[in-house]
1. Just a yes or no: is a residue in region 104-117 of a type in the set (A, V, I, L, M) and over 30 Å from residue 17 (Cα atoms)?
2. If you scan region 32-85, which residues turn out to be exposed (fewer than 11 other Cβ atoms within 10 Å of the Cβ), closer than 22 Å to residue 101 by Cα and either at pLDDT 85 or above or of a type in the set (Val, Ile, Thr) (or both)?
3. Could you say whether any residue in region 1-16 is surrounded by 12 or more Cβ atoms within 10 Å (Cβ to Cβ), farther than 22 Å from residue 99 by Cβ and either basic (Lys, Arg) or at pLDDT 70 or above (or both)?
4. Return the pair list, or none, for Cβ contacts closer than 6 Å from residues in region 62-86 that are over 19 Å from residue 52 (Cβ atoms) to residues that are β-branched (Val, Ile, Thr), at least 6 apart or on different chains.
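The values are calculated or read from the model by the stated rules, or taken from the named source; none is laboratory data. Being a predicted model, the structure only gives us computed values, none of them experimental. Glycine gets a Cβ as well: all are built from the backbone with ideal geometry, and neighbour counts include every protein chain shown.
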Amino acid sequence: MSESYQDKSEQPTAKREREAKEEGQVPQSKELSAAVGLLAAGLMVGPGGAALGMALERLTRASFMVGPNAMSDPQATVDWVRWVGTQAALGYMPFAAVLMLAALAVGAGQGRATFTTKPLAPDWSR
């Protein structure tokens, strides 16, 4: 059974803190990450919500305007799907970019800008 930080009687040594940082073992708050993500999404609703709404409206209108014979040609179907995917991506891209930047900023801030690939390496001893 692992001990929590409050149960330990001594502070970690500088060497142990350095090793933990090199291994990518830094304290991180899931609540802070969630709160910053929610705040970023909320702030994007104002400027990005209108653009997203217009993109979804264009997609909806275009979907209802397609006739049954328009999809008989395979190339026309591919072009249609490509156009729909592009329009959807362009509508959601501002939200995705802001949320990604917020997540990276919170992760870098909590990890004190520690970037290591050691936690990603496979552990073959398991």
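1. No, region 104-117 contains no residue that is of a type in the set (A, V, I, L, M) and over 30 Å from residue 17 (Cα atoms).
2. If the condition is that a residue be exposed (fewer than 11 other Cβ atoms within 10 Å of the Cβ), closer than 22 Å to residue 101 by Cα and either at pLDDT 85 or above or of a type in the set (Val, Ile, Thr) (or both), then 42 is the only one that fits.
3. So far as region 1-16 goes, yes, one or more of its residues are surrounded by 12 or more Cβ atoms within 10 Å (Cβ to Cβ), farther than 22 Å from residue 99 by Cβ and either basic (Lys, Arg) or at pLDDT 70 or above (or both).
4. Sorted first by the residue in region 62-86, then by its partner, the pairs are 71/77.
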